[in-house]
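For reference, the structure is listed below as structure tokens.
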Amino acid sequence: MTQSIVVQVGQCGNQIGCRFWDLALREHASVNKNGVYDESIGSFFRNVDCRHEDPANIPMGTGKGKIKSLKARAVLVDMEEGVVSEMMKGPLGEVFDCKQLLTDVSGSGNNWATGHKMYGTQYREDLSEVVRRAAEFCDCLQCFFIMHSMGGGE
């Protein structure tokens, strides 16, 4: 089984990502009426045991285990925390792992150069660490999906 990690960058990338995760959950629910954690949902979601402070992965095993709690294989990046905060407060907030977020307060004001030069150098190591952590939860990482806009600050 292969897994994919979705990296959502900036306001646009996070808004598109939010719609993506909503659709992914609804489509899987319409096909998987028994709530089984199988390969198709395992490509984009981790099945975790939330009784622990750092939720432990529940292995797929035979592909017949029940879904306990799903966590999206996602990294959310935005240098203005507003959109990410709204997502975390919204109906999909439980789907995202708060350790997979990278935000700041001020934003780059739709200026790509500011985002690249100022925040890029400041958060390079943090971003690498968050992506590395997401990759470590994968058995066989297939790809990264990067969602972002073509203009703007980040």
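The values are calculated or read from the model by the stated rules, or taken from the named source; none is laboratory data. Being a predicted model, the structure only gives us computed values, none of them experimental. Neighbour counts are summed over all protein chains in view; Cβ atoms, including those assigned to glycine, are modelled from backbone coordinates with ideal geometry. These accessible areas exclude ligands, DNA and RNA; they are computed on the full protein's heavy atoms, side chains included. Shrake-Rupley method; radii C 1.70, N 1.55, O 1.52, S 1.80 Å.
A few remarks follow.
- Modelled FRET efficiency - R0 35 Å, Asn57 with Met150, Cβ distances, 0.05 increments: 0.50
- Straightening the chain between Glu86 and Ser106 buys 5.6 nm, computed as 0.36 nm per residue apart minus the Cα-Cα spacing.
- Other-chain or far-sequence residues with amide H under 5 Å of Gly65's (modelled H): Tyr37
- The string of couplings for the stretch 112-129 from the Karplus curve (6.51, -1.76, 1.60, θ = phi - 60°) is 4, 4, 5, x, 6, 6, 7, 7, x, 6, 6, 10, 4, 5, 4, 5, 4, 5 Hz, one whole number per residue in order, with x for Gly and Pro.
- Reachable lysines, given that their alpha-carbon falls under 24 Å from the alpha-carbon of Lys71 and they are not under 8 places away in the same chain: Lys33, Lys89, Lys99
- Protein accessible area in the chain, 1.4 Å probe - carbon and sulfur %: 54 percent
- Nonlocal amide H pairs with Phe45, under 5 Å, H built at 1.01 Å: Arg73
- If you plug the beta carbon distance of Cys98 and Ala29 into 1/(1 + (r/R0)^6) with R0 = 25 Å, you get a FRET efficiency near 0.60.
- Excluding ligands, DNA and RNA, the accessible surface per residue across the chain is 57 Å² with a 1.4 Å probe.
- Protection-proxy order for peptides 75-84, 20-29, each taking the mean of Cβ atoms within 10 Å per residue, highest first: 75-84, 20-29
- The length gained by stretching the chain between Thr2 and Cys50 to full extension, at 0.36 nm per residue less their Cα-Cα distance, is 15.0 nm.
- The calculated pair-distance distribution of the stretch 94-150 uses every alpha carbon pair, bins of 10 angstrom beginning at 0, and gives 17, 47, 30, 6 percent.
- Relative to the globular-protein estimate of 2.2 N^0.38 Å, the Cα radius of gyration of the chain stands at 1.07.
- Within the stretch 64-115, the trypsin sites (Lys or Arg not before Pro) that combine a DSSP coil assignment with at most 11 other C-beta atoms in a 10 angstrom radius are Lys64.
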